[in-house]
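Here is the structure we will look at.
The values are calculated or read from the model by the stated rules, or taken from the named source; none is laboratory data. Given the structure is predicted, the values throughout are model-derived calculations rather than measurements. Cβ atoms come from the backbone with ideal geometry, glycine included; neighbour counts cover every protein chain shown.
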């Protein structure tokens with residue numbers, strides 16, 4: 001009886017010991033593996049993301065909120081009251097033709113140059129041919145102030161009725177002075193020509 005009691009006691013004690021050890025191992029593995037996707041190297045990143053989420057709403061984009069201090073000299077208006085162009089190549093021209101025929105565009109540009117040289121006083125306007133699909137366009141003059149372009153457009157309307165002002169890249173060296181007065185040259189009459197011819201003959 002003693003023998004069997006001892007055997008049963010040992011068996012129960014062994015089972016209890018196995019149960020206790022099994023429970024401890026299960027607790028330890030569950031603690032070690034709280035999140036199988038998070039490794040030790042990911043913990044600092046996870047902490048950073050938590051801090052970022054908490055403070056995200058208080059962060060602001062410095063470039064959007066930053067104010068640019070532009071010196072007043074660059075903000076002054078020109079003599080007509082318009083803002084001065086910051087880019088000297090940004091301006092206006094007068095379009096006198098839009099066509100699909102490149103020869104016609106070249107011909108009109110050449111004839112404008114000859115006509116302007118002999119007819120327009122105080123400003124030598126050049127003609128430019130450009131291609132903007134599907135048309136060849138003939139633009140004339142170089143103006144930084146739109147009002148000057150408008151005045152020039154009105155001056156050439158009799159010869160080029162389709163003339164109108166367009167925004168374009170210009171040549172700053174060919175821009176007329178702010179004080180320029182566009183006008184048609186006075187044509188000499190036949191009597192004036194005879195008088196000037198007679199005066200030359202006398203001399």
**OP:** Quickly run through the stretch 143-188 and pick out the residues that are closer than 18 Å to residue 95 by Cβ, free of Cβ contacts under 8 Å to residues at least 12 places away in the same chain and outside any loop (DSSP other than H, G, I, E, B).
**Re:** 154
**OP:** Could you please let me know if residue 191 is assigned to a helix (DSSP H, G or I) and modelled with pLDDT of 90 or more?
**Re:** no
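Select from the stretch 87-137 the residues that are assigned to a strand (DSSP E or B) and farther than 17 Å from residue 163 by Cα and write down the one among them that is nearest to the chain's Cα centre (by Cα).
Step one: filter the stretch 87-137 for residues assigned to a strand (DSSP E or B), giving 90-99, 120-121, 127-132, 135-137.
Add one more test, that the residue is farther than 17 Å from residue 163 by Cα, and what stays is 90, 121, 131-132.
On the way: 90: 13, 121: 37, 131: 21, 132: 19 Å.
The selected residue is 90.
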